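Only one structure is covered here, and it is reproduced in the block below.
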Amino acid sequence: MMTSLYGAILFLLWLLLSGHYDPLLMGLGIASVGLTVYLAHRMDIFDHESFPVQLTSRLPAFLVFILREIVKSNIDVLKRILSRDPNAVSPRLEEFPLPQKTDLGRVIYANAITLTPGTVSVELTKDSVIVHALAKDIADDLFTGEMARAIPDKVVEP
Amino acid sequence: MDLLIDISLLTFLAVTAIGIIRITNLFAVIMLFAIFSFLSATLFMTMDAVDVALTEAAVGAGISTVLMLATLALNKDHNEKQPDKNRHWLPLAVVLTTGAVLVYGTLDLPDFGDPASAPQTHVAPHYIEKAIEETGVPNIVTAVLASYRGFDTLGEVVVIFTAGIAVLLLLGGRREDPLDDGAKDKRVPQNLVLRIVSKIVIPVIMLFALYVQFHGDYGPGGGFQAGVIMSAAIILYSLVFGLGAAERIIPKSVLMFLTSLGVLIFAGVGIASLFLGGNYLNYSVLASSQVAGQHIGILLVELGVGITVFAVMLTIFFAFAGRERS
Amino acid sequence: MVLDILSWVCLVAGGLVGVVGAVGIHRFPDFFSRQHATGTTDTLCALLILLGLGLQAGLSLAAFKVALIFLFLFITSPAATHALASAAVHSGLDPKRGRTDSEGQS
Amino acid sequence: MYAVAIVAILVTLSLALARALMGPTVFDRIAAINMFGTKTVLLIAVFSFLTGRLDLLDMALVYAMINFISVVAVLRLFSHKDFHSPAENNVISVKVRRRWF
């Protein structure tokens, strides 16, 4: 069931890449999708992590949130780059709790931290994430946990 | 605009080359080589040689980088060496003389894009004017490569095939069975982020490689590029999940089979056209109409190229990466 | 017409963000802080430029490819940045600490 | 307007290249080169719209893929010194300030 859905999405990707819809290329597309799915199965990389169907419902809200964060923090970092104030940049390395229980949730959280400038996730341990922050107030912002709450396990589990 | 891009890219190219000479950290040098390839590929692109650019990007920046890193891994000594303070005048003289001779040689070359030069007046006009009509393939490069000059391309594929065999003979010798670390592979690798991101990305890269394989008729791409991109996907898998895991996905025996299969498909198409009454590798006789025959022939031949390139690239990578450090 | 203007704005803004980000990798004091300038302003720069291109392309396969490029960068770029930072920490590279970081490191 | 974007990207590229050459640590170089790669992807994408050759977008995609793979390769080798097995978990030695809710 999941395999066929995955195949269908890959085939859609093929159609959008291809732009040629004659029977020959459609047939080759189906064969290619088949080969890809077969290899993915052999690699054992085909599971709820690589193909997160369960994301769908909460994903749009999360994407809007993360895009807003990216724009906001980008502007902040750009200001710091151009700022003459020596205290604009005072880097630090801090460890924050990692509330997500699933691997996918942790990775999304870590990537969200990295995507928003000013913070880069450096290391994931069992229950914490080590973050390099560009300044104290940026680290304080992360500490409020707004980002962590935006990615609860509910996003990744059905 | 083109001029500005060309000048900037060439400047970057020269600066990168100087950087490669000056920097002593080999990791950084290899990464600069990748940049060098990207820049050359972009220059090819501005000169409208898109197929070449794609190959350069995939082979030069992708596979070569990985192979150079693998070679570096084989050497114990990772330390940066201080450059030798002695001046070596003889090598310098040799390099300068060779360079001067080469530059002198270019003086006799026709200007870039000169319509009166020999290559432009010989068979090229025929290819350019007749390719679509005769082969039904919009991408002239593919038509020339796979059909008009099919025999040359067969030779190239055999060269790649030979390279694969040679690497196997030199490096593929006995070593510890990679299956031994099977138990180790099952553990969660340290870098969770890379693992999950690779899981998502690898199937997309594989599908994209197959797309490049089968759309060489219409746009940049074809067997060479597709084979390289496909092997890059497997290489990414082995980088993240361990070499043993990758060798279990595509066992050596299968790789050797694929290496030969590609060449056999290519040569087989030639023989089939002989049997059907045409010349060797003249695909026109493969189907009822000339264009249809050409289409089938080119498709099969490109597939053969792709399979062999894929298998040989992976063979070489496995042979390099699998060596014990000596 | 409105779309055109919007797309030009996106392209120019994207270019600007890229340049300032690149200035950042020269102004920031150490590797870790430069990561904020490279890996991350990359995303906004890529987002704006590709959005600008996408608006030019309209609803077409080209727009889809542009979106695919963005999606690919969006997924892989933070992973690469994270891996790089992680490798740096593991190799023992110690980040520079800011002046206001003096209130006790445990 | 594509021209403005291209000039901006070229300036960015030159700054990134400068950082790649100046270092000082190898990580600086790799990060700068990674940035150079992603900016080249953008350059090709804009160039394809400038010249109207939209098939070049495929090239941009290939660049993005290859760029990622080569960065993973260099990091992989850097932290484990060979390609044999998945990574060992070694402890980091730098000081980290812990904060808990």
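The values are calculated or read from the model by the stated rules, or taken from the named source; none is laboratory data. Source: prediction; values computed, not measured. Every residue, glycine as well, gets a Cβ built from its backbone with ideal geometry; the counts of neighbours run over all protein chains shown. We work out accessible area using only protein heavy atoms, side chains counted, and drop any ligands, DNA or RNA first. Shrake-Rupley method; radii C 1.70, N 1.55, O 1.52, S 1.80 Å.
Table: residues versus (1) at pLDDT 85 or above; (2) aliphatic (A, V, I, L, M); (3) open to solvent by 30 Å² or more (accessible area, probe 1.4 Å).
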{"position": "A:I9", "(1), (2), (3)": "yes, yes, yes"}
{"position": "A:G27", "(1), (2), (3)": "yes, no, yes"}
{"position": "A:A31", "(1), (2), (3)": "yes, yes, yes"}
{"position": "A:G34", "(1), (2), (3)": "yes, no, yes"}
{"position": "A:D44", "(1), (2), (3)": "no, no, yes"}
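Being within 16 Å of B:F317 (Cα to Cα), open to solvent by less than 20 Å² (accessible area, probe 1.4 Å) and touching a residue at least 60 places away in the same chain (Cβ under 8 Å) is the filter here; which residues of the range B:240-268 pass it? I'd like the intermediate steps shown before the answer.
At the first step, the residues of the range B:240-268 found to be within 16 Å of B:F317 (Cα to Cα) are B:240-256, B:258-259.
Okay, now just the ones that are also open to solvent by less than 20 Å² (accessible area, probe 1.4 Å), so B:240, B:242-246, B:249-250, B:255, B:259.
Answer for the range B:240-268, where residues must be within 16 Å of B:F317 (Cα to Cα), open to solvent by less than 20 Å² (accessible area, probe 1.4 Å) and touching a residue at least 60 places away in the same chain (Cβ under 8 Å): B:G242, B:L243, B:G244, B:A245, B:A246, B:I250, B:L255, B:T259.
In the range D:1-30, which residues are open to solvent by less than 10 Å² (accessible area, probe 1.4 Å) and among the small types (G, A, S)?
D:A5, D:A16, D:A20, D:G23
From the residues in the range B:1-27 that are buried (at least 19 other Cβ atoms within 10 Å of the Cβ), of a type in the set (A, V, I, L, M) and facing chain D (nearest Cβ under 8 Å), which one is farthest from D:A5 (Cα to Cα)?
Our first condition is that a residue be buried (at least 19 other Cβ atoms within 10 Å of the Cβ); within the range B:1-27, this holds for B:5, B:8-9, B:12, B:16, B:19, B:23, B:26-27.
Now restrict to residues that are of a type in the set (A, V, I, L, M): B:5, B:9, B:23, B:26.
Pick out the ones that are also facing chain D (nearest Cβ under 8 Å) and you get B:5, B:23.
Values: B:I5: 12, B:I23: 31 Å.
Within the range B:1-27, the match that is farthest from D:A5 (Cα to Cα) is B:I23.
Which condition number does D:S79 fail, the rest of (1) closer than 30 Å to B:S231 by Cβ; (2) in a helix (DSSP H, G or I); (3) within 7 Å of another protein chain (Cβ to nearest Cβ); (4) modelled with pLDDT of 80 or more being met?
Of everything listed in (1) closer than 30 Å to B:S231 by Cβ; (2) in a helix (DSSP H, G or I); (3) within 7 Å of another protein chain (Cβ to nearest Cβ); (4) modelled with pLDDT of 80 or more, D:S79 misses just condition (4).
If you take the residues in the range D:48-67 that are more than 7 Å from chain B (Cβ to nearest Cβ) and over 16 Å from C:L61 (Cα atoms), which one is farthest from the chain's Cα centre (by Cα)?
D:T51
Could you tell me how many of the residues in the range C:22-39 are under 15 Å from A:K79 (Cα atoms), more than 7 Å from chain D (Cβ to nearest Cβ) and either in contact with a strand residue (DSSP E or B) (Cβ under 6 Å, 6 or more places away or on another chain) or buried (at least 24 other Cβ atoms within 10 Å of the Cβ) (or both)?
4
Being at pLDDT below 80 and either of a type outside the set (K, R) or more than 14 Å from the chain's Cα centre (by Cα) (or both) is the requirement here; does A:S50 meet it? Walk me through how you get there before you give the answer.
Details: at pLDDT below 80: yes; either of a type outside the set (K, R) or more than 14 Å from the chain's Cα centre (by Cα) (or both): yes.
Yes: the conditions hold for A:S50.
Out of the range A:85-103, which residues are facing chain C (nearest Cβ under 10 Å) and assigned to a loop (DSSP other than H, G, I, E, B)?
A:V89, A:S90, A:P91
Filter the range B:212-239 down to the residues that are among the hydroxyl-bearing types (S, T, Y) and either within 16 Å of A:L39 (Cα to Cα) or surrounded by 21 or more Cβ atoms within 10 Å (Cβ to Cβ) (or both) and list them by number. So that I can check it myself, show each step before the final result.
So the first thing to find is which residues in the range B:212-239 are among the hydroxyl-bearing types (S, T, Y), and the list is B:218, B:231, B:237-238.
Matches in the range B:212-239: B:S231, B:Y237, B:S238.
Six or more apart or on different chains, Cβ under 8 Å: which pairs go from a residue in the range D:28-44 that's more than 7 Å from chain B (Cβ to nearest Cβ) to one that's outside any helix (DSSP H, G or I)? Could you list them?
Sorted first by the residue in the range D:28-44, then by its partner, the list stays empty.
B:L92 - would you say it is part of a loop (DSSP other than H, G, I, E, B), more than 30 Å from B:V263 (Cα to Cα), outside the structural domain of B:S288 (by TED's automatic domain parsing) and at pLDDT 80 or above?
Details: part of a loop (DSSP other than H, G, I, E, B): no; more than 30 Å from B:V263 (Cα to Cα): yes; outside the structural domain of B:S288 (by TED's automatic domain parsing): yes; at pLDDT 80 or above: yes.
Here the answer is no, as B:L92 does not meet what is asked.
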